[in-house]
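The values are calculated or read from the model by the stated rules, or taken from the named source; none is laboratory data. Since this is a predicted model, take the numbers as computed values, not measurements. Neighbour counts are summed over all protein chains in view; Cβ atoms, including those assigned to glycine, are modelled from backbone coordinates with ideal geometry.
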Amino acid sequence: MRTAEVAGVGEFCGQEVLLKGWVYNIRSSGKILFILVRDGTGTIQCIVEKASAGGELFDAASGLQQESSIEIRGTVSEDSRAPGGYELQVTGLDVIQIAEDYPITPKEHGMNFLMDHRHLWLRSSRQHAILKIRAGLIRFIREFFDNRGFICVDTPIFTPSACEGTTTLFETDYFGDKAYLTQSGQLYNEANAAAFRKVYCFGPTFRAEKSKTRRHLIEFWMVEPEVAFAELDDIIQLGEDFIVEIVGRSLESYRDLLTDVLERDLAPLERVQPPFPRISYNDAADILKKRETGFVHGGDFGGTDETVLSEGYDRPFFVHRFPAAIKAFYMQPDPEDESLTLSVDLLAPEGYGEIIGGGQRIHDLELLKRRVGEHGLPEKAFEWYLDLRRYGTFPHSGFGLGLERTLAYICGIKHIRETIPYPRLLNRLSP
RNA sequence: GUGGGCGUAGCUCAGGUGGUAGAGCCCUGGAUUGUUGUUCCAGUUGUCACGGGUUCGAAUCCCGUCGUCCACCCCA
């Protein structure tokens, strides 16, 4: 007998197959049992009729409980009454284990309870859908860069110094020395860009920010491209092409999961078409001033500021040329106004906010040295970084995209904690 | 970290103004040939978060502690 997976069960129509999986739900209606079996690739309704299956099989099947592990044999048939279109007329059942008192029932649960049972919660259809789309999104991201001649060059997770503020760094003991978990691969990316021209890194990053919001994770994944000889406009264009492609491919590949399981309204995603609006920080500030959001010119945007700005657009939009005072030390000054930087953020609509941050980097050695000093950073730790400006310096730009925020946006889910298998939050390190 | 809400059965919750607790789900038994989070009948389940106070008496009122959820600051 053929062993099949639920995802490809349609190919075995009319044949008897063996499925291995778990009981997702079980219903009975007198002399007929409906067992919903999931095997990780999908779910299928399995039918046990007392008359045709016999008492022994029927009794064994009635004793199943949610999440019991089983090997089940039966004949595949197409039936419009079955969810998914196919069902299994059961001819045999081997129980691996009866799962007793599975904590997550098909009824309502509180968030804390679900988070405590995250290791089990992943089996439910909604979490399964989100993480399946996550896997696809990671693939689309890699393929976007790989297909354009970018080289994936990994950057270290243990780092000797900070690239932004040290208050948000996780400090660890490194054989008696201090090491920090990476916040960004960017500084290394710049070295890699000098070697490979177009590079990206993609991995976990860590920020010890004491903020608990629906948009923050302590540990999250970020993809960061860096391009030699690219200037601000080039990197904005790259960001636009990138978002259009990864949103488009997600929509194309996961339309059913998005609508049926996650109940995502696809219209806003369908509108993710070029060109994206590009507004300057100063123009954005003028808009906010008229709306009295409490925004102070020169400061960063708050949550309501981002919402107000996004109301003006039907798709993601870029805000560029932020004040130097609120950006990292390596940002290239705007030649037309030295108080501004050649920086850019991409804000997603529907309240999802910033998903991309980036810009053009300083390539002048003296200016960069000065900025390191102004930001109170130890020049010694940055010697290797300054070397990039000593030996064949070059204009270059890049950005970082937060994987989980982007996934939350694509899936239309409110809280970022559902977008990563095991979220690390301010008050949660387990499971 | 700041502000607000909530901690009662394994889960989700109800318990005006104080009198030692209840409903649904889950589970067990029974009924129904096609269910779609099946429905119906019967049954089992408690340190009312913890500590202190007021009171004849506290799940209920007061104080504190802890946990949790939501919002804000910050960032991707």
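Figure legend. Inter-residue proximity from the range A:290-302: first residues within 16 Å of A:Lys327 (Cβ to Cβ), second residues modelled with pLDDT of 85 or more, beta-carbon distance below 6 Å, spacing 6+ or different chains. Indicated pairs: A:His297/A:Ala285; A:Gly298/A:Pro323; A:Asp300/A:Ile326.
Please state which of the following conditions A:Lys178 fails to meet, knowing it meets all the rest: (1) within 16 Å of RNA strand B (Cβ to nearest atom); (2) modelled with pLDDT under 90. Result: A:Lys178 fails condition (1) only. For the range A:141-159, the set of residues classified as part of a helix (DSSP H, G or I) and surrounded by fewer than 19 Cβ atoms within 10 Å (Cβ to Cβ) consists of A:Arg142, A:Glu143, A:Asp146, listed by residue number. There is no residue in the range A:374-384 that is within 26 Å of A:Val272 (Cβ to Cβ) and not small (Gly, Ala, Ser). If the condition is being assigned to a loop (DSSP other than H, G, I, E, B) and surrounded by fewer than 19 Cβ atoms within 10 Å (Cβ to Cβ), then the range A:13-65 contributes A:Gly14, A:Gln15, A:Gly30, A:Lys31, A:Gly40, A:Thr41, A:Gly42, A:Gly54, A:Gly63, A:Gln65.
You will find that of A:Glu404, A:Glu418, the residue that is within 9 Å of RNA strand B (Cβ to nearest atom) and touching a residue at least 12 places away in the same chain (Cβ under 8 Å) is A:Glu404 and no other. For beta carbons closer than 9 Å, sequence separation of 6+ or different chains, a first residue in the range A:105-117 that is closer than 19 Å to A:Arg214 by Cβ and of a type in the set (Phe, Trp, Tyr) and a second that is more than 6 Å from RNA strand B (Cβ to nearest atom) and at pLDDT 85 or above, the qualifying pairs are A:Phe113/A:Ile104. Can you tell me how many residues in the range A:216-245 are surrounded by fewer than 20 Cβ atoms within 10 Å (Cβ to Cβ), under 15 Å from the mean Cα position of the chain (by Cα) and assigned to a loop (DSSP other than H, G, I, E, B)? Here the count works out to 1.
Sort out which residues of the range A:313-357 are part of a strand (DSSP E or B), more than 18 Å from A:Arg271 (Cα to Cα) and away from RNA strand B (no atom under 12 Å from the Cβ), and write them in order of number. Residues satisfying the conditions are A:His320, A:Pro333, A:Asp334, A:Asp337, A:Glu338, A:Ser339, A:Leu340, A:Thr341.
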